[in-house]
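See structure below.
The values are calculated or read from the model by the stated rules, or taken from the named source; none is laboratory data. Note that the coordinates shown come from a computational prediction; the quantities given were computed from them, not determined experimentally. Cβ sites come from the backbone with ideal geometry, for glycine too, and all protein chains shown count toward neighbours.
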Amino acid sequence: MLFHHRLLLPHLLICCLLVLAASHQESGEWTCEPDDEARISAHFRPGIVTIDGRANDWADVDGFEFPLRPALDPDEDKQYKAGKMAVKALHDGTDVYFMLQVAGDYVYSKGDDHMCPSVALMFQVGESATYHNMGGCKESPGTCNYTNCRGHEVDIMHFSIGNSIPGRLYGGNSVNEEGKEDSVGLVDMFSWNPHCRNIDGSGPSGNSSAAQNDWRGAWWHSSFSTNTGYIEVDSPYGSSGQKGTYYFEFSRPLRTMDLLQQDAQFSIGQSSKFSVALWYPGDGNPWHGSAHYTVSCDWVAMDVVRGYSTHKEVGSWDAASAFAFVISVVALAVSVFVGYLLVSKSKSIDFTPIDRL
């Protein structure tokens, strides 16, 4: 695979790609030993999540904790030292929701995305799309297109928080005819390989005015003390270096109106392949495009589960059903008892032979 970051406008795209191409150099032969038990289940849990970056409404949702290791060299000795990333997912029959939780000191530099944590989600779209090399199409930036890279598409959502306010909702904007992305840094992209990435609706064949950023997201840090909303003038929103946990919360329709093979499409009862990446500025130094951590060195399975799961909020339904069942049993017992009394009473009436009438 690998996730890479692009937040420059189209007229800087060529320079950006050249820098990223130079930075995307792996040392040695690629090896991967993924965790076979790593799997996410998005259960049907309607009406419990608000996209505000807060984690309290996810308390009863199960997830999976992944160690974070460098994407270009997934060595256990080089993994993210602050801790693992917990990934949770659910759906409400219309949208799919994600919560990413990862420990990290609060660092924030307004307007400088590379001095703030960033995260990305990546999904397989084309059947031939590999995790390694972000789709795995072997074409170069000058030759990759919808024809010779068909089947290698991956869907990417990238959220850089340098210009965003914690707790506020971002994304969901239409991409204009110039292919410009969300100015805050929550972008909806697709890729065929690390050097052939485009904002949704743009690409070698031009731009589509109908392109849509289908993602919405928010972020938070556990060190924040306010229970009300922040505004831009409050930046920085906490004391630098405060220990705690970052929360990144996202949603997107299960199915989108994509006509260009740029979005992953989720179906209830089926599995999809995805991954998650984290960029974090270490030791006061900005992160760079290929220096990111990922949850696995291969695709992770996500099951979009049918119907209700056996979580706590379902317990109220179970209790109501049990109560109704008890009432039904009691009513049946009463009916049987009354019937018994009526039959017993009828047996006590004296028999009068017909010849005495």
### Query
Can you find even one residue in the stretch 90-106 that is buried (at least 20 other Cβ atoms within 10 Å of the Cβ), aromatic (Phe, Trp, Tyr) and closer than 29 Å to Val304 by Cβ?
yes
### Task
Within the stretch 230-269, work out how many residues are free of Cβ contacts under 8 Å to residues at least 24 places away in the same chain and among the basic types (Lys, Arg).
1
### Query
Restricting to strands (runs of 3 or more DSSP E) lying wholly in the stretch 1-107: which have 2 or more residues that are among the aliphatic types (A, V, I, L, M) and at pLDDT 95 or above?
39-44, 85-91, 95-103
### Query
What number of residues in the stretch 244-301 are over 30 Å from Lys110 (Cα atoms), β-branched (Val, Ile, Thr) and touching a Phe, Trp or Tyr at 6+ places or on another chain (Cβ under 9 Å)?
2
### Query
Can we say Ser118 is within 27 Å of Ser240 (Cβ to Cβ), assigned by TED's automatic domain parsing to the domain that holds Phe274, in contact (Cβ under 8 Å) with a residue 40 or more places away in the chain and in contact with a helix residue (DSSP H, G or I) (Cβ under 9 Å, 6 or more places away or on another chain)?
no
### Yes/no for Gly53 being at positive phi and surrounded by fewer than 17 Cβ atoms within 10 Å (Cβ to Cβ)
no
### Query
Among the residues of the stretch 250-275, which ones are under 21 Å from Ile48 (Cβ atoms) and in contact with an Asp or Glu (Cβ under 7 Å, 6 or more places away or on another chain)?
Ser251, Arg252, Pro253, Leu254
